Amino acid sequence: MRSVHPALFRRLLPRPFPTSDLRGAVRLVTGAVSGVADVVEGVHGAVPAPFGRRGRVGRVAGWAYGAVRWVTRGVGRSLDAALGAVGRGGSADGHPARDAVVAALNGAFGDSLAAQGNPLATPFQVRYGGRRLVLDTASVARAVADPRGVLLVQIHGLCMHDGQWGRGGVDPGAALADALGATRVAVRYNSGRHVSESGRDLAVALDALVAAWPRRVRRLVVVGHSMGGLVARSALHYAAEAGHAWPGLDAALVTLGTPHHGAPLERLGSLVDAFLGATRYTAPLAAVGQARSAGVTDLRFGNVVEEDWAGRGRFDRAPDARRPTPLPPGVACYVVAATTGDGRGGARDRTVGDGLVPLDSALGRHADPARDLGVPPERQWVAVGRSHLDLLSDDAVTARLASWLARPTPPDNHPYPLLTRRGTAAAPVRPPRRLRPPRPGLSGAGWNKPGATPPTRPFSLFPFPFSLFPFPFSLFPFP
């Protein structure tokens, strides 16, 4: 089949999308058309033939389905060659519509995109100011104008990207970074891959980021929304295995609406798969639902490490067989959940929760003590009357995180701590002077304790201080 002339595409290609995105879209569409042909052929073969015999695709019908696949692949190869000849480079990075569509495609089919080498597959990256950050010392120093000793790392959820924190002009990440005196960075990743695979990438990336940071990192705060919380937990697990130093940098983890023990929507998808596979007539249709990504199926029970899914079929009907993965010791962990119910543990809280994640799952609670995350009550908070996406922009959520996490942070090489109000640094304060113990002969041996009242001293000219009137009397005894 002849290739389409490249000059035609130079005039017709929409801007600012690069040809790599369009080539990826062509491959995705041609794969989908071929998949639909397979499903239709499967259903055709399952339909009973006349006289009660089981149907079988005839020779003519088989040729027809084969022709559809052949023509589709031919057209796809021609378009791919023409787009490659155009050679328009560049990137549409930062275009809101493009980023949202690509993030949704990666969440739904990201593992397949990565396996096929599709240009639409999102590579793992750390970003600052809306741009990808190259993790070496010189590049980070050029990109970050005012690096601080506290890092705030934001991790998005399934089918989303780092530009979707906040809504309607509200940027909670900037407000939280100000409250912490931190530099904010974000992570963008292919949410259709296994959580454990993204977790390994995050562990390595944070290790490289801390090593390349222009100043000493004293504190690391990681905030993960939805699947991002599972990715953060996975990264902490693999960082401990690899001996990375960053979990020991006064690290804190906050999860927002994270399905620590799974989400009912994916469990419903598993039931649909089982229903469709129950008969030979609907079994070919099950392939449509089973096109969903590994990231989606990880949310059935909340898989965190590779052992949770390795050696098991992703679409097999099986009970929860996860290996218990407790929260890492030495890392302060906080959980925030949302609910459209009243937050008192009723049926709506237990089933619907924030619309996607039930309340107990978001808070890490489980009937099995080995799987219960054991987060202390003072580090749990429920946003009542809010949905899953409200956690990305709600002012009350930001205020709660700031109240948990904000505290004075001394600058590098400063001998004394700073007294600070939230988001405002004050002048350095001298260390408290050591108080002398009481001299012999004075009563009230504990007078130098905070809040105590010094005893009355006898008259003395030296040493100072002294009192000319050591007794409690008045020169004017009458009112």
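Here are a few things to note about the model shown:
- Percent carbon-and-sulfur accessible area, segment 175-244, ignoring ligands, DNA and RNA, probe 1.4 Å: 47 percent
- Inverse mean reciprocal Cα-Cα distance (Kirkwood Rh) of segment 139-290, Å: 17.2 Å
- Where the Cα pairs of segment 309-391 fall when distances are cut into 5 Å bins, in %: 3, 14, 21, 18, 18, 15, 9, 2, 0
- On the basis of the beta-carbon distance and an R0 of 35 Å, residue 323 and residue 100 show a calculated FRET efficiency of 0.50.
- For q = 0.11, 0.12, 0.15, 0.16 Å⁻¹, Debye-computed log10 I/I(0) when each Cα of segment 265-413 counts as one equal scatterer: -0.57, -0.66, -0.94, -1.03
- Per the Debye formula on identical point scatterers at the alpha carbon atoms of segment 271-318, with no solvent, log10 I(q)/I(0) at q = 0.21, 0.29 Å⁻¹ is -0.75, -1.12.
- Intensity falloff of segment 84-178 expressed as log10 I(q)/I(0), Debye formula with alpha-carbon point scatterers, at q = 0.11, 0.14, 0.17 Å⁻¹: -0.42, -0.67, -0.94
- Computed lengthening from residue 171 to residue 400, 0.36 nm per intervening residue step minus Cα-Cα distance: 80.9 nm
- Accessible-area rank, largest first, for 354, 201: 201, 354, with all protein chains present and a 1.4 angstrom probe.
- Förster radius 60 Å - calculated FRET efficiency between residue 39 and residue 216 (Cβ-Cβ, nearest 0.05): 0.55
- With DNA, RNA and ligands ignored, accessible area of residue 276 (1.4 Å probe; Å², nearest 10): 40 Å²
- Computing FRET efficiency as 1/(1 + (r/R0)^6) for residue 312 and residue 142, where r is the C-beta to C-beta distance and R0 is 41 Å, gives about 0.35.
- Under a model in which nothing but the beta-carbon of Lys, Arg (+1) and Asp, Glu (-1) is charged, segment 164-236 shows a dipole of about 160 debye around its Cα centre.
- The tail of the calculated P(r) for segment 226-286, taken as Cα-Cα distances beyond 19 Å, holds 54 percent of the pairs.
- Evaluated over the Cα positions of segment 244-349, the convex hull gives a direction-averaged projected area, one quarter of its surface, of 9.4 nm².
- Charging the Cβ of each Asp and Glu at -1 and of each Lys and Arg at +1, and nothing else, the dipole of segment 173-315 about its Cα centre rounds to 220 debye.
- Residue order for 160, 227 - accessible surface, 1.4 angstrom probe, largest first: 160, 227
- Judged by the gyration tensor of its Cα atoms, with axes a ≥ b ≥ c, segment 122-212 is oblate; a/c meets the 1.5 cut and b/c is at least as large as a/b.
The values are calculated or read from the model by the stated rules, or taken from the named source; none is laboratory data. Everything numeric in this text was worked out from a predicted model, so none of it was measured. Virtual Cβ from ideal backbone geometry, glycine too; neighbours counted across all protein chains shown. Surface areas here come from the heavy atoms of the whole protein model, side chains and all, with no ligands, DNA or RNA. Shrake-Rupley method; radii C 1.70, N 1.55, O 1.52, S 1.80 Å.
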